[in-house]
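Report on the following structure.
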Amino acid sequence: MTKFVELDALDRRIVTELQRDAALSNADLAERVGSTGPSCWRRVRALEEAGVLRGAVRLADPQLLGQDVTIFCHVRMKDFSGDSIAAFETFVRDHDQVMECYSMSGEWDYLMRVVASNVADYEHFLMRTLLKHPSVAGASSQFALSVTKYQTALPVRG
């Protein structure tokens, strides 16, 4: 079980601001959170070392990159041997169109969020790649019609 990291009010403001804009300069960040540059820099480094802050990224627009279709794909495994699970999880990590993957409780074993340029692109991935994997027994796909909410920033509470 992961240990919860206690954050003070300044740390919470830093995490909140960096989730909104990871490209902020240290000086701009310090000004936004009401701190000095050196203090802010030390706190950011401590948050990184504690694992609270991980890699900084820029979010890309999927439509402008031709990834117009979002699919939620439920996967059922054939068996649950360590080798099968490891092989499937390696497969997931090796396919860039799989944006997220969760081991699930309930009827299905995994839930993946997959992006594709169109339905034919997804069909190719599903029929010629995913369902050919030796660990996969079956899959069920649901296509997102629109996005009501998409958020990457986590709530930072005291």
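Read-outs: derived from the displayed coordinates by stated rules, not from any lab. Computed from a predicted structure; not experimentally measured. Cβ coordinates were reconstructed from backbone atoms using ideal geometry, including for glycine residues, and neighbour counts include every protein chain displayed.
Using Cα pairs closer than 8 Å and at least 6 residues apart in sequence, work out the relative contact order for the chain, in percent.
That works out to 28 percent.
Could you name the lysines in cross-link range of Lys132, using Cα to Cα under 22 Å and dropping any fewer than eight places away on the same chain?
Those lysines meeting the cut-off are Lys78.
For the chain, what is the convex hull (Cα atoms) projected area averaged across all directions, in square nanometres? Don't skip to the answer; put the middle values down first.
Numbers: hull surface 47.5 nm².
Across all orientations, the chain yields a mean hull projection of 11.9 nm².
Could you name the lysines whose alpha carbon sits less than 25 Å from that of Lys149, not counting residues in the same chain fewer than 8 places away?
Partners within reach: none.
Which order do peptides 79-92, 35-48, 109-122 fall in by mean Cβ count within 10 Å, highest first?
109-122, 35-48, 79-92
Once you sort the root eigenvalues of the Cα gyration tensor of region 9-49 as a ≥ b ≥ c, which label holds: rounded (a/c under 1.5), prolate (a/b larger than b/c) or oblate (the other case)?
Since a/c stays below 1.5, the shape of region 9-49 is classed as rounded.
Given R₀ = 30 Å, what would the calculated FRET efficiency be for Arg157 paired with Glu31, taking r from the Cβ atoms and rounding to 0.05?
0.80
Is the C-alpha gyration tensor of region 2-95 telling us rounded, prolate or oblate? Criteria: a/c under 1.5 is rounded; beyond that, a/b larger than b/c is prolate, otherwise oblate.
Because a/c hits 1.5 or more and a/b fails to exceed b/c, region 2-95 counts as oblate.
Please state the charge dipole magnitude for region 9-49, taken about the Cα centre, from unit charges on C-beta atoms (+1 on K and R, -1 on D and E), reported in debye and rounded to the nearest 20. Display every interim value, and only then the final one.
Working: 7 positive and 7 negative charges, 24 e Å.
Using Cβ point charges on Lys, Arg, Asp and Glu, region 9-49 gives about 120 debye.
Would you mind classifying region 69-143 by shape? Square roots of the alpha carbon gyration tensor eigenvalues, ordered a ≥ b ≥ c; an a/c under 1.5 is rounded, otherwise it is prolate if a/b is larger than b/c and oblate if not.
On the way: a/c = 1.74, a/b = 1.53, b/c = 1.14.
Cα axes put region 69-143 in the prolate bin.
Tell me the mean residue ellipticity at 222 nm calculated for the chain from its helices only (DSSP H runs of n ≥ 4, each -39500 (n - 2.57), averaged over every residue, nearest 500).
-10000 deg cm²/dmol
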